[in-house]
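Everything on this sheet refers to the single structure shown next.
The values are calculated or read from the model by the stated rules, or taken from the named source; none is laboratory data. Since we're looking at a predicted model, the values are computed, not measured. When we count neighbours, we look across all protein chains shown, and the Cβ atoms used for this are built from the backbone with ideal geometry, even at glycine.
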Amino acid sequence: MKKDTRFSLTFKFSVAIMLASMLLGVLLLLASYQLYTKQTTDRYARQGEILINTVSTTINWDKVDSYSQTLKTDDAYWATLEAMRRCALANGAEHLFVMKPQGDDAVFVFDTDGTASRYSLGASLGLHEGFGPAADDLQEAESTGSIVTNDRFGWPLSIYVPFTNSQGQFVAYLGVDYDAQHIIDEMWSFIGVLVVEAFAVSVVMTVLFLLILRSLMLKPINAIASAANSYLVGQDAERASSSLIAQLDINTHDQLQSLAESLKAMEKKIQNYVRNVEVATFRAETDSMTTLYNREAFEKRVSESLAAGGFDGYFVFMMIDLDSFKAINDTWGHSVGDEAITACGEAIRSNFRSSDLIARIGGDEFAVFYKSPTVRKDVEARAQSICGAVRGIVVAEGVRLTVSIGVAIVAGTSAHDYQGLYVMADNALYGLKASGRDGFRIEQAPDTDVG
């Protein structure tokens, strides 16, 4: 009877500690989520303002009134709309649009989404109906800076910036909407981390309390602790798959057994989270069209390789430009242009090792960074192979693809930075283009003997 009472007290205290730790975890989760939401909103607001200010230079604000009043378009109108579409796509925005408040309505002049559910030139929408709390601010554009708001159409974040014509008179807002799903995915990933942390706090507090009150439970507790510690030390997938957590076999029919099962569930959640982080990292560093590195990831990894230094060989930096790409888009359309970009990326990739760094750094621009012990022969062979592979690409009848390649070569034992190699390769590229295309040109540092 005494033993049962002692167990009952342990159980009650354990439940109390668990509830207290869960409450603490929930409070931590809520506070962290509020902070994360604010930081996310601020980040997208800054990103949106930068995008808007960039796009605004493509718009002739003196003609916006004419478009909205006459509802007539010209070649400049469609060129502007296409430029806005490209900017939206390149910067991860869902929609870019120009709308002008008129009384209680907003009249749309440009909208990058041409579907029937969006707005064409001259379409109007009630400000209070469409923009909620932001309506009053939008009506006072002359004295208002950028406006950040959540609207009713599924976008968690919209940014509006007022612009004036050449006489300094307010004309219209340039706005951007961001896709809900991308931001929601980020938030759910963050929430998953917080849930795991809150649960871990609850588990640790309960285990410590049981160690004090239940000496008879030391063996299962030690088994649980050893399994948890082995998992924290064994970070790689191979060790995680054979961790002691998965091998726990505790059948005490009390909270310790529940704790063991919870640890197993936590392990699965952590493994799922790690996989999600790896996927998110891949997406953040990868160009979606070619699956090569994007500009930011490429610069970071090249800089890291240069900073490591001490390479008894040569660093090679290539700038590769698809010749006459604008003419391809203009003549055969963007679908053929996209196919050309993708095929060109594959042709470049096929000439390098998986350890070499390859990126799409612009619309029709690629870059490669790698280490080579035999520079001259290696560079010439690779450059000629890339040119030949691209010439053999067929994306549409009558389309002939070629590339121009600028190469920078420096000694691996000297100090270098990304920008210096970029400029050197870029100079080589434009030097080649000045005298012709469909080939390569090599520049090397003055103190570099490339053989």
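Would you check if ALA340 is more than 22 Å from ARG86 (Cβ to Cβ) and either in contact with a Lys or Arg (Cβ under 7 Å, 6 or more places away or on another chain) or in the same structural domain as LEU421 (by TED's automatic domain parsing) (or both)?
Details: more than 22 Å from ARG86 (Cβ to Cβ): no; either in contact with a Lys or Arg (Cβ under 7 Å, 6 or more places away or on another chain) or in the same structural domain as LEU421 (by TED's automatic domain parsing) (or both): yes.
So ALA340 fails the test.
Restrict the check to region 423-432 and report whether at least one residue is within 14 Å of VAL379 (Cα to Cα) and in a helix (DSSP H, G or I). Walk me through how you get there before you give the answer.
Initially, region 423-432 is screened for residues within 14 Å of VAL379 (Cα to Cα), giving 425, 428.
Those still in the list that are in a helix (DSSP H, G or I) too: 425, 428.
Yes: region 423-432 contains one or more residues that are within 14 Å of VAL379 (Cα to Cα) and in a helix (DSSP H, G or I).
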Could you pull out every one of the helices (runs of 4 or more DSSP H) wholly within region 41-159 that has 1 or more residues that are among the hydrophobic types (A, V, I, L, M, F, W, C), over 30 Å from LYS326 (Cβ atoms) and modelled with pLDDT under 85? 127-131, 135-139
Determine if region 7-26 includes at least one residue that is under 25 Å from the mean Cα position of the chain (by Cα) and either more than 25 Å from PHE170 (Cα to Cα) or modelled with pLDDT of 75 or more (or both). no
Which pairs do you get when a residue that is closer than 26 Å to PHE440 by Cα, found in region 322-334, comes within reach of a residue that is hydrophobic (A, V, I, L, M, F, W, C), reach meaning Cβ atoms under 6 angstrom, with the pair 6+ apart or on two chains? LEU322/CYS344; LEU322/VAL403; ILE328/ALA340
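Could you tell me how many of the residues in region 396-411 are in a loop (DSSP other than H, G, I, E, B), within 13 Å of ASP364 (Cβ to Cβ) and among the β-branched types (Val, Ile, Thr)?
1
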Check whether at least one residue in region 348-355 is crowded, with 17+ Cβ neighbours inside 10 Å and of a type in the set (Ser, Thr, Tyr), and report yes or no. no
All positions within region 390-417 that are closer than 18 Å to ALA343 by Cβ, in contact with a strand residue (DSSP E or B) (Cβ under 9 Å, 6 or more places away or on another chain) and hydrophobic (A, V, I, L, M, F, W, C): VAL390, LEU401, VAL403, ILE405
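Output the number of residues of region 402-447 satisfying the condition of being in contact (Cβ under 8 Å) with a residue 24 or more places away in the chain and either crowded, with 18+ Cβ neighbours inside 10 Å or closer than 23 Å to PHE298 by Cα (or both).
Restricting attention to region 402-447, the residues satisfying the condition of being in contact (Cβ under 8 Å) with a residue 24 or more places away in the chain are 402-418, 421-422, 424-426, 428-433, 437-445, 447.
Now narrow it down to the ones that are either crowded, with 18+ Cβ neighbours inside 10 Å or closer than 23 Å to PHE298 by Cα (or both): 403-418, 421-422, 424-426, 428-430, 432, 440-445.
Count: 31.
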